[in-house]
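All remarks here apply to the structure that follows.
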Amino acid sequence: MYCVCKEHVELAIDKFVDEYEDAPDIVDLVTTKFAEWEAPATCEMGDCANIAEYLVV
């Protein structure tokens with residue numbers, strides 16, 4: 001599972017496919033909220049400080 005900005009969505013998809021050998025689901029974190037989980041505020045790719053907008057799972 002990766003929480004990423006728009007710039008890193010393709011990288012997260014590639015990493016997911018390499019790891020799980022399956023296509024991920026992409027969830028828009030701007031419009032979707034979870035009752036028992038809060039997304040990180042920033043992108044999880046490297047030193048990126050952009051807002052995490054997508055969940056690749």
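Exposed loop sites here are GluC sites (Glu not before Pro) in DSSP loop states with at most 12 other C-beta atoms within 10 Å. What is the longest stretch of the chain lacking them?
The reported range is 1-20.
Over the chain, the Kirkwood radius and the radius of gyration, each from Cα atoms, give a ratio Rg/Rh of 0.96. Put a plus charge on the Cβ of each Lys and Arg, a minus charge on the Cβ of each Asp and Glu, and nothing anywhere else: the dipole of the chain about its Cα centre is then about 260 debye. Solvent-accessible area per residue in the chain equals 72 Å², computed with a 1.4 angstrom probe and all protein chains kept.
Please report, as a whole percent, how much of the solvent-accessible surface of the chain comes from carbon and sulfur atoms (probe radius 1.4 Å). Intermediate values should be presented prior to the final figure.
Numbers: 2020 of 4110 Å².
Here it works out to 49 percent.
Tell me which chymotrypsin sites (Phe, Trp or Tyr not before Pro) from the chain have a DSSP coil assignment and no more than 12 other beta carbons within 10 Å of their own. For chymotrypsin sites (Phe, Trp or Tyr not before Pro) across the chain that sit outside H, G, I, E and B with at most 12 neighbouring Cβ atoms in 10 Å, the list reads Phe34, Trp37.
Would you tally the net charge around His8, using a Cβ to Cβ cut-off of less than 14 Å, leaving His8 out, and scoring K and R as +1, D and E as -1? Here the count lands on -4.
For a 4.7 Å threshold on C-beta separation, the list of partnerless cysteines in the chain reads Cys3. Among residues other than Thr32 with Cβ under 13 Å from its Cβ, the summed charge is -3 (Lys and Arg +1, Asp and Glu -1).
The values are calculated or read from the model by the stated rules, or taken from the named source; none is laboratory data. Since the structure is predicted, the reported quantities are computational estimates derived from the model, not experimental observations. No Cβ is skipped: glycine too gets one built from the backbone with ideal geometry, and neighbour counts run over all protein chains shown. What goes into the accessible areas is simple: the full protein's heavy atoms, side chains included, and nothing from ligands, DNA or RNA. Shrake-Rupley method; radii C 1.70, N 1.55, O 1.52, S 1.80 Å.
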